[in-house]
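The values are calculated or read from the model by the stated rules, or taken from the named source; none is laboratory data. Everything numeric here is computed off the predicted structure, so don't read it as measured data. Positions of Cβ are backbone-derived with ideal geometry, glycine not excepted, and every protein chain shown enters the neighbour counts. Heads up: the accessible areas ignore ligands, DNA and RNA and are worked out on the full protein's heavy atoms, side chains in. Shrake-Rupley method; radii C 1.70, N 1.55, O 1.52, S 1.80 Å.
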Amino acid sequence: MGATIIDGKALAAATKAEAAEKVKELKAQGINPCLAVILVGENPASQVYVRGKINDCAQCGISCADHRLPSGTSQAELLALIDTLNRDEAVDGILVQMPLPAHLDAGQVLRAIAPAKDVDAFHPENVGLLHLGQPRYLPCTPAGILALLKKYGIDPAGKHCVVVGRSN
């Protein structure tokens with residue numbers, strides 16, 4: 001069997017174009033989707049990832065509330081921001097960039113995000129829904145990989161794979 005070249009950039013562009021059309025439809029109904037992104041600290045890889053999410057939102061017409069917090073932010077300060085975003089009706093989704101600085105309890109932070117606004121699907125309620133086959137949101141990396149496999153007609157059933165750097 002020959003190798004298959006998978007063009008992730010082409011699929012990403014098509015997915016963003018589709019999302020932009022859906023956002024236009026929502027805006028025509030008076031709905032302005034907004035993602036709140038929280039980055040605590042100066043992790044270079046996290047900065048790149050967050051910058052990418054902000055750019056993706058802009059390309060799709062989604063508002064993005066960018067919250068950059070210093071690495072010394074306390075647990076109480078971070079939880080207070082999440083509480084504010086949970087209660088903000090203008091915010092539809094919340095993404096807290098991982099990893100957090102070591103002094104912060106990531107589990108408590110992820111549990112503090114309202115399940116309906118947890119776009120990473122890390123809240124225990126969303127993990128449970130995913131396990132039951134009734135996801136509210138799909139974790140983006142696995143969903144993206146499955147979309148690529150589907151696009152290229154690659155059936156993962158019965159295949160062996162290696163996952164490097166697994167996270168929640």
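Sort out for me the helices (runs of 4 or more DSSP H) sitting completely within region 77-168 that have 1 or more residues that are touching a Pro at 6+ places or on another chain (Cβ under 6 Å).
124-131, 140-151
Can you name the residue in region 82-99 that is over 15 Å from the mean Cα position of the chain (by Cα) and open to solvent by less than 30 Å² (accessible area, probe 1.4 Å) and is also nearest to LYS27 (Cα to Cα) among such residues? Explain how you work it out, then say what you get.
So the first thing to find is which residues in region 82-99 are over 15 Å from the mean Cα position of the chain (by Cα), and the list is 82-90.
Adding the requirement that they be open to solvent by less than 30 Å² (accessible area, probe 1.4 Å) leaves 82, 85.
Working: ILE82: 25, LEU85: 21 Å.
Filtering first and then ranking leaves LEU85.
Against the definition (within 27 Å of THR15 (Cβ to Cβ) and surrounded by 14 or more Cβ atoms within 10 Å (Cβ to Cβ)), how does ILE62 come out, yes or no?
Answer is yes for this residue.
Taking region 109-151 as the search range and keeping residues that are of a type in the set (Asp, Glu) and closer than 19 Å to CYS34 by Cα, which one is surrounded by the most Cβ atoms within 10 Å (Cβ to Cβ)? Working first, answer last.
Quick first cut of region 109-151, residues of a type in the set (Asp, Glu) only: 118, 120, 125.
Of the ones still in play, those that are also closer than 19 Å to CYS34 by Cα are 118, 120.
Details: ASP118: 24, ASP120: 20.
Ranking the qualifying residues of region 109-151, first place goes to ASP118.
State which residue is surrounded by the most Cβ atoms within 10 Å (Cβ to Cβ) when the search covers only region 152-168 and only residues that are farther than 22 Å from LEU11 by Cα and charged (D, E, K, R).
It comes out as LYS159.
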